[in-house]
Amino acid sequence: MDGIASLFGLSGSPLVPIALLLLVGGGLAAAWPMFAGSPARSDIKRRMHVDAPLAEKKAPNAARRGRNAVQEKALKTAQDFYAKTDPENVARLRLKLIQAGYMEPKAVGTFFLMRFGAFAVFAAAALFLGMTYGQESTALNRWMFVIGSGAMGYFMPGFVLSATIRGKMTEYRNGFPDFMDLMIVCSDAGMTMEAGIERVSKELAATYPSLSQNLQLVSIELRAGRGLDDALRSLGDRLCLDEVRSFATLLQQSKELGTSLSGALRVFSDEMRHKRMSKAEEKAHALPAKMSVPVTVCILPVVMMIAIIPIVVKMTSGE
């Protein structure tokens, strides 16, 4: 470490560790585009006819093709390795990534590379800090700190993925009643269910982009010849919402019984809004019980001190 510091002319300065840390971080940031490459258009966006920027439409040069080839090979190697060792875990991870909005086939390999990259970065940072500031501690404590930091970096992408799924589910749950209302309008206008889904998916692109992307995927599946019930069940698996599965069952029963589709959709939309309002009221009623803990821990001791300290001061001054 001292040799590196003397090499850069920083020896004897108290800011040597910070300068070296910034130097390493800057080097990693500069080298990252060589490994990341430029994001190409995904297969789903291409099939949905989403226009790409002009830079992506240009033919890549040889260096870019080489970087993309190395990146694709690394992602494929990581995905194939885990698919052979634990296929069930890979299948569950693939479903979670789809629920989070990452529908590219290489998303699984990217996730594993990010996980091990975070593990290496956190462990290296902990080792650097331990060698710089933890010289007084024992070797066991330093290694425990390194192992704990590496484990935190290893599991952090999973936590971020779970948080992303929760955010997507909130968007889906908030946007699905609006989707039902627009489907009612399309049904009253005489449009078929397939044409209505395609039309509504375009209307929801500004307010609920993730829901709109999933609905456009349903429209693509229907145009490819997949049945409406199967496409809606697949939509329910991607959105991870029971309301979507109930919607697929509603359409199937409406076809079998010959009932009015617009009336069934209107009743189902009202039930979804009522359920969403019930969940909001449930959270509002649970708020006083949740607030009792911070009130007891933070406010009550201060109130007790304000009430007791004057009495203690008076008793002390009277003696």
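The values are calculated or read from the model by the stated rules, or taken from the named source; none is laboratory data. Source: prediction; values computed, not measured. Quick note on the areas: whole protein, heavy atoms, side chains included, nothing else; ligands and nucleic acids left out. Shrake-Rupley method; radii C 1.70, N 1.55, O 1.52, S 1.80 Å.
Each residue was assigned an accessible area with a 1.4 Å probe, and for THR170 the value is about 70 Å². Scaled to the globular estimate 2.2 N^0.38 Å, the Cα spread of the stretch 231-319, given as radius of gyration, is 2.32. For the set CYS240, CYS186, solvent exposure ranked by accessible area (probe 1.4 Å, protein chains only) runs largest to smallest as CYS240, CYS186.
Applying 0.36 nm per residue to the separation of GLU88 and MET191 and subtracting their alpha-carbon distance, the gain on full extension is 33.0 nm. Each of PHE122, PHE111, PHE155 has its accessible area taken with a 1.4 Å probe; listed largest first, they run PHE155, PHE122, PHE111.
Taking θ as phi - 60° and the Karplus parameters 6.51, -1.76 and 1.60, the scalar couplings of the stretch 237-253 work out to 5, 6, 7, 6, 10, 5, 5, 5, 5, 5, 5, 5, 5, 5, 5, 5, 5 Hz in sequence order, x denoting glycine and proline. The residues of the stretch 159-211 present an accessible area of 48 Å² per residue when probed at 1.4 Å with all protein chains retained. Can you pick out the pairs among LYS255/LYS283; LYS106/LYS255; LYS106/LYS290; LYS96/LYS275; LYS202/LYS275 whose Cα atoms lie more than 32 Å from each other? In this structure, LYS255/LYS283; LYS106/LYS255; LYS106/LYS290 lie more than 32 Å apart at Cα.
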